[in-house]
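Asker: Got a structure for you, questions after.
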Amino acid sequence: MTAEERATEHARRVRRGRWWIGLSAILFAASGLIELAAHKGHANASLTTAGADLGLAVLFAGLWLWARRAPVVALAFSMALLLGVWLVAGVIDRSTLLDGYVLRVAALVVFAAGLRAALAARRAAQVS
């Protein structure tokens, strides 16, 4: 594999990681909006959940934008944020620990691959 092909592959993986950050923002926003619509004016707990989801959507949207300039930091922070949210939600309510685990694990794997690619691209740029 030539250096140009390697750089292209790194860029593709970083773009895929950035795409998943954007998808996470969309999914959290959708979850928050659905929660608001389903429990309009009822329970405070559902409003808290909706607010948390919408806040996470804003954070992931910011990370998505930030990933253009600093993909290493944005992908690492996205991994930490997603894992942290998953663990905190699991501690608060154990029954939710396995909810959506396939999507969460897939996102973590893609974030990790994007982070590795971004680090490799950074190293390659420093050598050149």
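Asker: Once every DSSP H run of n ≥ 4 in the chain is given -39500 (n - 2.57) and the sum is divided by its residues, what mean residue ellipticity at 222 nm do you get, rounded to the nearest 500 deg cm²/dmol? All intermediate terms of the calculation are to be shown ahead of the outcome.
Answerer: Numbers: 4 runs with 108 residues, N = 128.
Taken over the chain, the calculation gives -30000 deg cm²/dmol.
Asker: Calculate the spin-label point distance for residue 19 paired with residue 88, positioning each point 7 Å from the Cα along the beta-carbon direction, and give it in nanometres.
Answerer: Distance between the two pseudo-spin positions: 2.9 nm.
Asker: Can you give the relative contact order of the chain as a percent, counting alpha carbon pairs under 8 Å and 6+ residues apart? Numbers along the way, then the final one.
Answerer: On the way: 124 pairs, mean separation 47.2, N = 128.
Across the chain, relative contact order equals 37 percent.
Asker: Then there is this: Computed FRET efficiency, Cβ-Cβ of residue 7 and residue 112, R0 25 Å: what is it to the nearest 0.05?
Answerer: Working: r = 19 Å, r/R0 = 0.78.
The value I calculate is 0.80.
Asker: To the nearest Å, what is the center-to-center distance of the stretch 99-122 and the stretch 1-28, using C-alpha atoms only?
Answerer: Between the Cα centre of the stretch 99-122 and that of the stretch 1-28, the gap is 9 Å.
Asker: Right, next: For the stretch 82-89, just list the computed ³J(HN,Hα) in residue order, Karplus coefficients 6.51, -1.76 and 1.60, θ = phi - 60°, integers in Hz, with x standing in for Gly and Pro.
Answerer: Computed from phi, the couplings for the stretch 82-89 are 5, 5, x, 4, 4, 5, 5, 4 Hz.
Asker: Please determine, in degrees from 0 to 90 and to the nearest 10, the orientation of helix 44-66 with respect to the longest principal axis defined by the Cα atoms of the chain, where the helix direction is its Cα long axis.
Answerer: Helix 44-66 and the main axis of the chain meet at about 10 degrees.
Asker: Further question: Peptides 108-115, 86-93: what's the order by average Cβ count within 10 Å, highest mean first? Intermediate values should be presented prior to the final figure.
Answerer: Numbers: 108-115: 19.5, 86-93: 12.2.
Listed from highest to lowest mean packing, they are 108-115, 86-93.
Asker: Considering the values (1) 2, 12, 23, 27, 20, 11, 4, 0, 0; (2) 2, 11, 18, 20, 16, 12, 8, 5, 4, 2, 1, 0; (3) 2, 11, 21, 23, 20, 14, 7, 3, 1, which represents P(r) over Cα pairs in 5 Å bins from 0, in percent as calculated for the structure under consideration?
Answerer: It is the value labelled (2).
Asker: Work out which trypsin sites (Lys or Arg not before Pro) in the chain are exposed loop sites (DSSP not H, G, I, E or B, at most 16 other Cβ within 10 Å) and give the longest gap free of them.
Answerer: Working: sites that count: 40, 68, 69.
It works out to 70-128.
Rule-based calculations on the coordinates, nothing more; no lab input. Every value quoted in this text rests on a predicted model; they were computed, and no experiment measured them. Every residue, glycine as well, gets a Cβ built from its backbone with ideal geometry; the counts of neighbours run over all protein chains shown.
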